[in-house]
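I have placed the structure first, in the form of structure tokens, so that the comments after it can refer back to it.
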Amino acid sequence: MCGIVGYIGKEQAAPILLDGLAKLEYRGYDSAGLAVYDGKEIEVVKAKGRLQALRDLTGDGKSLQGTLGIGHTRWATHGEPSVVNAHPHYNKSRTIAVVHNGIIENYQPLRDKMTKKGYSFVSETDTEVVAHLLDYYYKGGNPLEALAKVMHRVQGSYAFGVLFKDYPDQLFAVRKDSPLIVGVSAEGNFIASDVPAILKYTREVYFIENREICQLSREGVSFFNEDLEPIGKETKTIEWDIEAAEKGGYEHFMLKEIYEQPKAVLDTINPRIKDDRIVIDELGLSEEDIRKLKRIYIIGCGSAYHVGVTSKYIVEKLTRIPVEVDLASEFRYRDPILEQDSIVIIISQSGETADSLAALRKSQEMGVRVLGIVNVVGSTIAREADNVLYTWAGPEISVATTKAYSTQLAAMYLLAMLFGDVRGTISAEEYSAMLEELRSLPEKIQEILGDKERIQWFASKYANAQDVFFLGRGVDYATSLEGSLKLKEISYIHSEAYAAGELKHGTISLIEDGVLTVAVVTQPDLYEKMSSNIVEVKTRGGYIFTLTNKGNYAMEDHSDFTVYIPKTHPCFTPSLAVIPLQLFGYYVSVAKGLDVDKPRNLAKSVTVE
């Protein structure tokens, strides 16, 4: 959500800033802007809409001269998308320029106070308050002191990139609860919201912690706490290369990432299987700790929450440990009761999700151990959790998650099997059989991808659908939730997922001639009940797309279109069943001519509440 890039070095800044912002488009935005300092004036150029509009205004950055600058892509919170509300924002004398990710929660009282002191506002944003506050505290003095004072006054989440006209050789950055990294190279130094923005130029990065200030020059970088005491830091080397963040010949990042799932799942599973045993060294729990577990709490947002819903069925079945699943955005507000001798599992692709991070901190305040399952190395959740289990999906650029979801599922399978083995709730024979099936998942995912033409054909038939319903029981209900989300977020078709047993409790009144219903049927012990639900829909004129296991051919008797997945252990079918649903959503969006990778109103990393 929003993107920041800053540069100070030997090269012209504007083309580098535009290139970096292009790598952050997946975060979601509705306007963009640059501030470049040529040694005399800080020139700001802003545009509403896609980044191409800003490129056109600046001649791909060539019209802005200077080797120091900041850039921003804005996702509107305070104030509508417009040129005036776009970042960067100036102070009144245009000697300070600011870009900001996050939300200033107390901006209104601060705005009122600054208005009384004679400051006037041209935008509706909370960020302009920061520019005027910096002006008020700076008064030609020390930028670091002004930044520290602003940090003490503002409440909320923020990452700032700041230019001061009096300091033509300095770039400043501040962070609290909104991601920001620093990259260093021989040609210059950078700030950015995420690694892809600067990976073309450097692999050496610093992770800025909460309430820290960074001062960048052409020669190096310095870090300070809010008391302006120097802080020592070590760089981290980014291991994945720039090709991993490029389309590689695919039409969209989403399709590329769907096809990367076999490798991503393999990379997540393989390092944790040693000598036919699951070994998770980074877990931080002894066997005695695992045996003593009384409860597991799984917390996430969006697709990560759906992983949690799926995992509840699987973990409880294999371990007999009670599991609670929470939406991160609701967790704090229900005044949760957390048992001791329990564990909280926070699931997040980015590791920066604001609500999930708040749930993590609340859990730790209550004295419960937190395990983070995240994809981004060095992210805030990864650093603040007591332990972290990384999913090795590589960079995921498309807003609609695919491979991150699949690797999160794989990580939860590993945990469930490990806990069940230690607690003696899985027999040795079942453990061995499940391990073999787990290892075969990447190959079976690849097999499903070979059937994409049939799904593409079917998706083209239903590209103009107004409503789609997804039905399932058990883990199939959880898979339905994810399939429905994939369709609605990238095709803008109204879609709902229901536990099939709830049909008679109201939902069936919505079924009429031609309405598409997707039935997920992968649990053999629920075949008969799902058959009854499908007949209920069919007799009311519904059109049935059934997703089931190979061999369950009886489903064709009541289905209009059927997709089969390879047989596997019932606990692992979600990893296979989700693939056709991802492809269905993708091809519906393509058939409608929509922007698959950057759906409207959505952001990849939701770093504000």
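The values are calculated or read from the model by the stated rules, or taken from the named source; none is laboratory data. Given the structure is predicted, the values throughout are model-derived calculations rather than measurements. Quick reminder, even Gly has a Cβ in these numbers, built from the backbone with ideal geometry, and neighbours come from all protein chains shown. Just the protein is used for accessible areas: all its heavy atoms, side chains included, with ligands, DNA and RNA removed. Shrake-Rupley method; radii C 1.70, N 1.55, O 1.52, S 1.80 Å.
Can you find even one residue in segment 70-91 that is of a type in the set (A, V, I, L, M, F, W, C), more than 27 Å from the chain's Cα centre (by Cα) and farther than 22 Å from Gly33 by Cα? For segment 70-91, residues of a type in the set (A, V, I, L, M, F, W, C), more than 27 Å from the chain's Cα centre (by Cα) and farther than 22 Å from Gly33 by Cα: absent. Restricting the first residue to segment 50-75 and requiring it to be without any contact (Cβ under 8 Å) to a residue 24 or more places away in the chain and under 28 Å from Leu602 (Cα atoms), which pairs with a second residue that is surrounded by fewer than 16 Cβ atoms within 10 Å (Cβ to Cβ) and of a type outside the set (A, V, I, L, M, F, W, C) meet a Cβ separation below 9 Å and a spacing of at least six or different chains? Matching pairs, first to second residue: Leu57/Ser63. The residue that is nearest to Ala382 (Cα to Cα), counting only those in segment 169-178 that are open to solvent by less than 10 Å² (accessible area, probe 1.4 Å) and within 25 Å of the chain's Cα centre (by Cα), is Ser178.
Against the condition without any contact (Cβ under 8 Å) to a residue 24 or more places away in the chain and open to solvent by 40 Å² or more (accessible area, probe 1.4 Å), how does Glu316 come out, does it pass?
Values: without any contact (Cβ under 8 Å) to a residue 24 or more places away in the chain: yes; open to solvent by 40 Å² or more (accessible area, probe 1.4 Å): yes.
Yes; evaluated as a whole, the condition is true for this residue.
What do you reckon, is Gly483 open to solvent by less than 10 Å² (accessible area, probe 1.4 Å) and within 30 Å of Val590 (Cα to Cα)? Here the answer is yes, as Gly483 does meet what is asked.
No other residue among Leu414, Leu409 is touching a residue at least 40 places away in the same chain (Cβ under 8 Å), touching a strand residue (DSSP E or B) at 6+ places or on another chain (Cβ under 7 Å) and open to solvent by less than 10 Å² (accessible area, probe 1.4 Å) apart from Leu414. For segment 539-590, filtering for residues that are closer than 22 Å to Ile490 by Cα and open to solvent by less than 10 Å² (accessible area, probe 1.4 Å) leaves 20. Scan segment 426-457 for residues that are open to solvent by 50 Å² or more (accessible area, probe 1.4 Å) and in a loop (DSSP other than H, G, I, E, B) and jot them down. Matches in segment 426-457: Ser427, Gly450. Looking at Gly378, Gly424, just one residue is of a type outside the set (A, V, I, L, M) and over 23 Å from Lys263 (Cβ atoms), and that residue is Gly424.
For segment 319-341, filtering for residues that are open to solvent by less than 10 Å² (accessible area, probe 1.4 Å) and either closer than 25 Å to Cys571 by Cβ or modelled with pLDDT of 95 or more (or both) leaves 4. When Glu41, Glu80 are checked against the criterion of being open to solvent by 10 Å² or more (accessible area, probe 1.4 Å) and within 20 Å of Leu602 (Cα to Cα), a single residue qualifies: Glu80.
Could you tell me which residue of segment 91-127 is most open to solvent (accessible area, probe 1.4 Å), considering only residues that are free of Cβ contacts under 8 Å to residues at least 24 places away in the same chain and outside any loop (DSSP other than H, G, I, E, B)? Explain how you work it out, then say what you get.
First, the residues of segment 91-127 that are free of Cβ contacts under 8 Å to residues at least 24 places away in the same chain: 108-109, 111-118, 121.
In the following step, the residues that additionally are outside any loop (DSSP other than H, G, I, E, B) were identified as 108-109, 111-116.
Working: Gln108: 81, Pro109: 82, Arg111: 50, Asp112: 73, Lys113: 76, Met114: 2, Thr115: 75, Lys116: 181 Å².
The selected residue is Lys116.
For (1) of a type in the set (Val, Ile, Thr); (2) assigned to a strand (DSSP E or B); (3) in contact with a helix residue (DSSP H, G or I) (Cβ under 9 Å, 6 or more places away or on another chain), each residue gets a yes or a no:
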{"site": "Pro262", "(1), (2), (3)": "no, no, yes"}
{"site": "Asp267", "(1), (2), (3)": "no, no, yes"}
{"site": "Asn270", "(1), (2), (3)": "no, no, yes"}
{"site": "Arg291", "(1), (2), (3)": "no, no, yes"}
{"site": "Ile296", "(1), (2), (3)": "yes, yes, yes"}
{"site": "Ile299", "(1), (2), (3)": "yes, yes, yes"}
{"site": "Tyr305", "(1), (2), (3)": "no, no, yes"}
{"site": "Thr310", "(1), (2), (3)": "yes, no, yes"}
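Restricting Val221, Val182 to those that are of a type outside the set (S, T, N, Q) and open to solvent by less than 10 Å² (accessible area, probe 1.4 Å) reduces the list to Val182. Just wondering, is there one or more residues in segment 97-118 that are within 24 Å of the chain's Cα centre (by Cα) and either small (Gly, Ala, Ser) or on the phi > 0 side of the Ramachandran plot (or both)? Yes, there is a match, as at least one residue in segment 97-118 is within 24 Å of the chain's Cα centre (by Cα) and either small (Gly, Ala, Ser) or on the phi > 0 side of the Ramachandran plot (or both).
Taking the numbered list (1) within 25 Å of Asn142 (Cα to Cα); (2) at pLDDT 95 or above in turn, Met114 passes all entries but (2).
Which residue out of Leu285, Leu255 is buried (at least 19 other Cβ atoms within 10 Å of the Cβ), part of a loop (DSSP other than H, G, I, E, B) and among the hydrophobic types (A, V, I, L, M, F, W, C)? Spell out the reasoning first.
Numbers: Leu255 fails: part of a loop (DSSP other than H, G, I, E, B).
One residue alone meets the criteria, Leu285.
Going through Ser398, Ser460 one at a time, which residue ends up being among the polar types (S, T, N, Q), open to solvent by 10 Å² or more (accessible area, probe 1.4 Å) and farther than 26 Å from Glu330 by Cβ?
Values: Ser398 fails: open to solvent by 10 Å² or more (accessible area, probe 1.4 Å).
Just a single option satisfies the conditions, and that option is Ser460.
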